[in-house]
1. Provide a single number: the residues in segment A:592-636 that are in a loop (DSSP other than H, G, I, E, B) and crowded, with 16+ Cβ neighbours inside 10 Å.
2. Only one residue in A:Leu648, A:Leu642 is in contact (Cβ under 8 Å) with a residue 12 or more places away in the chain, open to solvent by less than 70 Å² (accessible area, probe 1.4 Å), more than 10 Å from chain B (Cβ to nearest Cβ) and among the hydrophobic types (A, V, I, L, M, F, W, C). Which one?
3. So in segment A:710-731, with the set limited to residues that are farther than 25 Å from A:Tyr659 by Cα and in contact with a Pro (Cβ under 9 Å, 6 or more places away or on another chain), which one is nearest to the other protein chains (Cβ to nearest Cβ)?
4. Given the options A:Leu751, A:Leu714, A:Leu741, A:Leu726, name the one that is in a helix (DSSP H, G or I) and open to solvent by less than 60 Å² (accessible area, probe 1.4 Å).
5. Out of curiosity, is A:Ile600 assigned by the TED database to the domain that holds A:Glu728 and under 30 Å from A:Ser740 (Cβ atoms)?
6. Scan segment B:50-66 for residues that are more than 9 Å from chain A (Cβ to nearest Cβ) and closer than 18 Å to B:Glu5 by Cα and jot them down.
7. Out of all the residues in segment B:48-81, which are open to solvent by 100 Å² or more (accessible area, probe 1.4 Å) and either in contact with a strand residue (DSSP E or B) (Cβ under 6 Å, 6 or more places away or on another chain) or over 30 Å from A:Phe660 (Cα atoms) (or both)?
Amino acid sequence: MLRVCWKGAHAAARQCVCGKVKAHPLQHCRRYTTAGDSGSTAGKIVAASLLTVGGGLGGTILYAKWDPKFRANIEKSVPYSDQLFEMALGPPPPPLVPLQKKPGKIEPLQISSLSEASKESKQPKAKAKKSDPEPVEAPPAVEEAPAPTPQTLEEASAEAAHIISAIGEVLSVPAPGTSDESPPGHTAAGEERKDHHEPALKERPAEEVSARLAQQDKAEQDALAALTAGLEESLGSSAKTTLQAIGAQEAALTAIATHTNKLKEAMDSQTHPDEKSTQWKALNEALSDRTRAMEEAEEALLKAKGELEILRGVINSAKQSKIDAARPQILAAEENLHSMIVDLDKVVTKVQTAQTEAKIVSQYSELVNEAKAQFQQELANITPEIQANWKGLSGKLSADDLNSLIAHAHRRIDQLNRELAEQRVREQIHIEAALEQQKLEDQKALERAVASALEHRREDMRLEQEKKVQEVREVMEAEMRTQLRRQAAAHTDHLRDVLKVQEQELHEEAQEILNSKMMEQETRYRRLTQEQLDTFTLDMNAAYARLKGIEEAIDSHVIAEEEARKAHQLWLSVEALNYTLKSAGADSPTEPLEGAVGVIKENCAENEFAQALTSALPEESLSRGIYGEASLRARFYDIRRLARRVALIDETRNSLYQYFLSYLQSILLFEREQVAPPVKLAPEDLDTFRLLAYATYSIERGDLELAAKFINQLRGESQRVAQDWLKETRLTLETKQVISLLSAYANAVGLGTTQAP
Amino acid sequence: MSEKELGRKWDRCLADCAVKFGTGLGLGIVFSVVFFKRRTWPIVFGAGLGLGMAYSNCQNDLRSRYVLHSKVAKYFSFEQK
């Protein structure tokens with residue numbers, strides 16, 4: 001790549017404006033060309049980068065516009081991007097609030113009923129008692145007044161049924177007797193009860209409630225008794241009448257049967273004429289009997305039917321009254337009613353069949369009578385003189401009469417034969433017609449029978465269903481009772497627990513109050529005792545303080561005197577020390593200061609300052625003593641001479657030759673012996689000779705300290721030479737300083753302790 | 001007394017010089033007599049030797065204070081645990 005560029009540059013150099021192609025200008029050209037090339041490439045690069053950046057920015061902004069989360073991310077990560085975004089896109093969209101899912105109202109009636117039930121369970125007695133009169137007031141149109149408790153119980157049972165259904169354990173069986181009216185009545189009652197619950201929740205007293213309950217029970221019992229009595233009465237009467245009717249019907253049946261038999265017998269006409277008349281009489285009697293029996297039967301039937309209707313009405317009203325306890329009785333009554341109806345119907349059908357038989361027989365007899373009458377009439381026409389009763393005329397008839405009679409008889413026989421033939425011919429048709437008729441009648445009878453059987457069957461089924469319903473209902477009731485009992489048990493448990501907790505709480509509260517009161521009392525008692533103690537202590541303290549004060553005054557007086565004595569002693573010992581200083585000889589040191597210092601130490605054992613000062617004395621002075629100023633001064637001149645002589649000698653210059661030179665120097669150097677030292681030392685003042693001159697000056701003026709300071713500035717061999725002298729001077733100066741401090745201190749102490757007279 | 005030390009040194013120096021000179025001279029004489037056929041140069045040499053030694057001694061003695069004595073220190077390593 002580089003080579004390519006190079007080559008390009010090379011080629012461009014050939015064509016470049018800058019003239020001849022040479023080795024040297026190539027470099028320049030290259031520089032130019034690379035500059036030019038770089039110019040265009042730089043421009044390209046710049047343009048490309050600008051494009052990329054712009055594209056990136058635009059893309060980011062667009063995407064941020066589309067995706068607010070991305071925008072938020074960018075705003076978080078890049079510092080000023082939020083301003084840019086706001087400028088470009090406007091303010092960020094508000095954060096989406098997640099949709100709150102409201103809990104679905106699942107069967108609000110059930111829930112309300114559940115809450116009702118729970119509320120009920122919490123305060124069952126109160127609310128039950130409360131709700132007892134409530135439904136009485138609230139839905140009066142629906143329920144009857146004398147049965148509120150069963151209503152409540154049933155409502156409760158309905159609610160419980162709802163609960164059970166909600167739990168889903170048992171099939172919800174609607175409470176019997178509440179099939180149509182109860183649910184709307186229940187909801188109305190429930191709602192009303194709800195309304196009544198919130199505003200006023202007063203608990204009725206137990207006695208009133210029990211009285212009410214007893215009242216309601218009694219009312220129920222009365223109603224039940226009345227109902228049962230009514231039912232039994234009507235049952236009894238209807239049974240009686242039915243039995244009567246049945247008896248009548250049976251009597252009618254027998255009457256019809258006898259009549260028919262008699263008729264049949266009469267029709268046979270094989271008996272004696274005398275007997276026939278009796279027969280006919282008997283027949284008439286039987287007929288009259290029959291009619292009478294029929295009438296009676298009819299009457300009885302009507303009565304029975306009426307009674308049954310009454311019974312049915314009573315049963316319906318009993319059903320309407322909806323007392324649970326009467327249910328089995330109602331069912332039994334219904335069964336009885338049904339059986340009676342069935343019996344009646346059976347008997348009626350029997351009677352009807354007998355009647356049809358009788359009709360047939362009577363028709364037959366009528367026909368026979370008609371034929372007889374006709375025959376007699378013909379006979380009478382033929383033989384007009386013969387009287388009606390031709391039976392007794394068998395001896396009186398002449399031969400003509402007999403012949404005519406026989407001819408008539410023959411004619412009659414012919415006629416009858418012809419009729420018979422005709423009849424035979426028509427027999428089939430008649431039979432068919434009769435069959436048809438019979439079929440029709442049979443059909444009708446069948447239909448009737450079927451209808452009645454159906455009715456009976458339906459009635460049976462209904463009764464069975466009712467019985468089953470009753471049974472199931474009872475089972476439900478029992479179960480309901482157990483559940484309620486369970487609930488009651490749970491409620492009692494809960495009550496017990498709550499009571500226990502309450503008892504504990506109250507107990508604790510009482511205990512707390514007791515404790516707090518006790519504490520109060522105790523604190524008060526303590527406070528009082530403490531106050532007493534305090535006052536007593538105060539008095540005691542005051543007295544003690546005074547005593548103490550007095551003692552202290554005396555002590556301080558003693559102390560002051562002691563101090564004075566001590567100060568005196570100190571001063572004396574310091575004076576002694578000073579005196580020892582004077583014992584310095586010309587060249588010998590003083591006495592060792594040990595003694596005097598020891599005396600001071602003894603005398604001022606408690607005085608810390610003195611102790612410190614005495615301990616600050618250097619050891620040498622104590623053990624050996626110090627030199628006096630005069631001796632030091634004398635020695636100084638020796639030092640001076642010597643120092644002058646070795647002034648040149650130090651670490652670098654210390655050969656013998658240097659010694660010679662330095663000696664020469666000291667001889668040849670002329671200077672003043674004493675030069676007043678300046679206030680501040682300049683570096684050129686640190687010359688040996690100068691320093692010695694200053695020191696001499698100071699010594700002559702008696703300022704040993706200053707001289708020592710100057711001598712301290714010596715360096716090299718001169719320093720070494722002056723070392724001992726310096727040490728001694730230091731010692732002396734130290735000791736003198738300490739002693740002067742001590743004496744000043746002693747003076748001060750003395751001054752301090754002196755009391756003005 | 002540090003001022004007296006210098007004097008002492010000088011005394012020692014002189015004494016030493018005298019001794020050494022004398023000894024050198026003597027030895028020179030001896031050598032000259034014994035080995036070198038009574039030439040002068042061993043005497044002078046010996047005396048010069050003596051003087052030289054005395055001079056050197058004197059210088060060393062006077063210098064003794066300023067000479068640095070060095071010692072190679074042992075390598076110590078402290079390991080901190």
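The values are calculated or read from the model by the stated rules, or taken from the named source; none is laboratory data. Keep in mind it's a predicted model, so treat the numbers as computed, not measured. Positions of Cβ are generated from backbone atoms using ideal geometry, with glycine treated the same way; all protein chains shown enter the neighbour counts. We work out accessible area using only protein heavy atoms, side chains counted, and drop any ligands, DNA or RNA first. Shrake-Rupley method; radii C 1.70, N 1.55, O 1.52, S 1.80 Å.
1. So the answer is 11.
2. Details: A:Leu642 fails: more than 10 Å from chain B (Cβ to nearest Cβ).
Answer to the selection: A:Leu648.
3. By that ranking, first place goes to A:Glu728.
4. The unique qualifying residue is A:Leu726.
5. Here the answer is yes, as A:Ile600 does meet what is asked.
6. Once the filter is applied, which keeps residues that are more than 9 Å from chain A (Cβ to nearest Cβ) and closer than 18 Å to B:Glu5 by Cα, segment B:50-66 yields B:Asn57, B:Asn60, B:Asp61, B:Ser64.
7. B:Lys71, B:Val72, B:Lys74, B:Tyr75, B:Phe76, B:Phe78, B:Glu79, B:Gln80, B:Lys81
Residues are listed down the side, and each one gets a yes or a no for (1) open to solvent by 60 Å² or more (accessible area, probe 1.4 Å); (2) at pLDDT below 70:
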{"position": "A:Val209", "(1), (2)": "no, no"}
{"position": "A:Gly230", "(1), (2)": "no, no"}
{"position": "A:Asn261", "(1), (2)": "yes, no"}
{"position": "A:Asp274", "(1), (2)": "yes, yes"}
{"position": "A:Ala282", "(1), (2)": "no, no"}
